[in-house]
Amino acid sequence: MGARDNGRVDREVFAELLSEEGQELLRQVRGVEPARELAVATRLRQRYEPALVSAALAQGRLRSRAEAKFGPDQAHALYFTADGLEQATRAPVAAHRARRMRELGVRTAVDLCCGIGADALALAREGIRVLAVDRSPLTCAVARANAEALGLADLVEVRCADVTEVATDGYDALFADPARRTGRGRVFDPEAYSPPLSWAVETVRSAPLAALKVAPGIPHEAVPPEAEAEWVSYSGDVKEAVLWFGAGRENPGAGQGTSSGVRATLLPAGDTLVGRGLPDPEVGPVGRYLYEPDGAVIRAHLVAELAEQVAGRLIDATIAYVTTDAEHPTPYASGYEITDVLPFNVKKLRALLRERGVGVVTVKKRGSAVEPEELRRKLKLDPKSAAGSCTVFLTRVAGAPSMLLGRPLR
């Protein structure tokens, strides 16, 4: 099945996948490894239409890829297109946003640029009635099938239309996720989104409550002053940024010309660090402990809030590593106990690690031009003859290239 809507044939084949025969075929191709696809396709084409077999195998591949975002059970119950899966929100992230909307009193919402329906389904699971809009007939067919598959069709209306022509008044909230991919790949210019980011911002501004999903790399200066920006990570990886408008802007500091209209949310635990517009932390010597902030904390420019929480300081004015003299557990950073602080020197590092029986190193870098794989090759450690392990930080301390050695606290 194509990544985009390729016309009547694709939609007809997808409709056949939803039939009893198509469902049986999908069950047969589940878990087929790529190396076996040709043999399986040859056998199945003796009984099924070749186009249906190809569509089922393609759907099986997409479902296997979708396990990372939706979990095995849900992934193999849903339907996907290649572009739709690429842009679909990871299920726990969509659930977090939907839960926040429900807690803010949302009962009806419009999902603009709904794609395969991941966010609409999350909203419906919170009991919110959703109008899901997309301009691709194939994508809309997939979104309807997904609502049916999860038993949420009564709460999700899918409408095939240009989102710029859909009336959204009368709903409690708007959610918009402009497409950031084309046939040539990912789009980085916000005005090249479909529809453009400027249109999306103007549209959500008119809603009583709105959330606008954007790329996590959005510059802070591009965030509208009346919006609260939330960066969300999942298991340490930054997944998205969301601009909240109207009643969705919970942070009272948003829109007052400070950096306080930001927050970082870490999933799956759901811990949230809220900006308070603190000045940059002081810089000081490396202490016994080092804290590596979660990516969402860094993207949200909340390293100062983290440093205050752990009573820490920076090791360098330009490096987002926080150091302390005492241990301060925090959900917003990974902690390490530091054993050595050395000037950067590969030969000395290799000798020290061999002397201590270290065969495995985890290399982290921030503010260093040296690549971790390059350092590992130069160290020439043998994990078979040495059982020890160590974390090596390539960074700067007070402007000087340095190496920090340590171990994770947990």
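Given points 7 Å out from each Cα along the Cα-Cβ axis, report the Ala398 to Glu33 separation in nanometres with one decimal.
5.7 nm
Mind checking the per residue accessible area of the chain for me, 1.4 Å probe, whole number of Å²?
Ligands and nucleic acids excluded, the result is 46 Å² per residue.
For the peptides 310-323, 378-391, what is the packing order when you average, over each peptide's residues, the other Cβ atoms within 10 Å and list the highest mean first?
The peptides rank, most packed first, as 310-323, 378-391.
Kirkwood Rh, region 300-372, all Cα pairs: how many Å?
Taking every pair of different Cα atoms in region 300-372, averaging 1/r and inverting gives 14.5 Å.
When the accessible area of the chain is split by element with a 1.4 Å probe, what percent falls to carbon and sulfur?
Exposed carbon and sulfur together represent 49 percent of the surface.
Considering all alpha-carbon pairs of region 89-193, what whole percent are spaced by more than 19 angstrom?
On the way: 2239 of 5460 pairs.
Percent of Cα pairs beyond 19 Å in region 89-193: 41.
Quick one: which residues, 5 or more positions from Ala179 or on another chain, have an amide H under 5 Å from its amide H? H modelled 1.01 Å from N in the peptide plane, none for Pro or chain starts.
Sorted by chain and number, the residues that satisfy this are Ser194.
Can you list the equivalent-ellipsoid semi-axes of region 226-344, largest first and in whole Å, using the square root of 5 times each Cα gyration tensor eigenvalue?
Equivalent-ellipsoid dimensions as semi-axes: 27, 15, 11 Å.
Assuming R0 = 56 Å, what is the FRET efficiency of Ala161 and Arg366, from their Cβ-Cβ distance, to the nearest 0.05?
The computed FRET efficiency comes out at 0.75.
With equal scatterers on the alpha carbons only and no solvent term, can you work out the Debye log10 of I(q)/I(0) for the chain at 0.09, 0.13 1/Å?
-0.68, -1.09
If I stretch the segment between Ala351 and Ala269 completely, what's the gain in nm (0.36 nm per residue apart, minus their alpha carbon distance), one decimal?
25.5 nm
Per q in 0.10, 0.23 1/Å, what log10 I(q)/I(0) does a Debye calculation on the alpha-carbon atoms of region 69-145 return?
Computed log10 I(q)/I(0) values: -0.21, -1.07.
Which order do peptides 42-55, 203-216 fall in by mean Cβ count within 10 Å, highest first?
Values: 42-55: 15.4, 203-216: 20.9.
Result, highest mean Cβ count within 10 Å first: 203-216, 42-55.
Where in region 302-341 does the amide nitrogen come within less than 19 Å of the point 7 Å from the Cα of Val283, taken along Cα to Cβ?
302-308, 312-325, 341
What does a probe at Ala153 reach in region 67-84, counting residues whose amide N is under 18 Å from the point 7 Å along Cα→Cβ?
Under cut-off, by backbone N: 77-80.
According to a simple spin-label model (label point 7 Å from Cα along Cα-to-Cβ), what is the distance in nm between Glu226 and Leu18?
If labels sit at Leu18 and Glu226, their model points lie 3.9 nm apart.
With θ taken as phi - 60° and the coefficients 6.51, -1.76 and 1.60, list the Karplus ³J(HN,Hα) couplings across region 78-86 in order, rounded to whole Hz; mark glycine and proline as x.
Residue by residue, region 78-86 yields 9, 10, 9, 10, 4, 5, x, 5, 4 Hz.
Cysteines of the chain lacking any other cysteine beta carbon under 4.7 Å?
So, Cys113, Cys114, Cys390.
I'm a student and want to see the number: the projected area of the Cα convex hull of region 258-309, averaged over all directions, in nm².
Taking the Cα atoms of region 258-309, their convex hull projects to 4.0 nm² on average.
State the extension gain, in nm to one decimal, for the chain segment bounded by Trp199 and Glu308, taking 0.36 nm per residue of separation less the distance between their alpha-carbons.
Numbers: separation 109, 0.36 × 109 = 39.24 nm, distance 3.83 nm.
Difference between extended and current length: 35.4 nm.
Seen from all sides and averaged, what is the projected area of the convex hull of the Cα atoms in region 1-107, in nm²?
Mean projected area for region 1-107: 8.0 nm², to one decimal.
The values are calculated or read from the model by the stated rules, or taken from the named source; none is laboratory data. Just so you know, these numbers come straight off a predicted model, no measurement behind them. Neighbour counts run over all protein chains shown; Cβ positions are idealised from the backbone, glycine included. The area values use the complete protein model at the heavy-atom level, side chains included, leaving out ligands, DNA and RNA. Shrake-Rupley method; radii C 1.70, N 1.55, O 1.52, S 1.80 Å.
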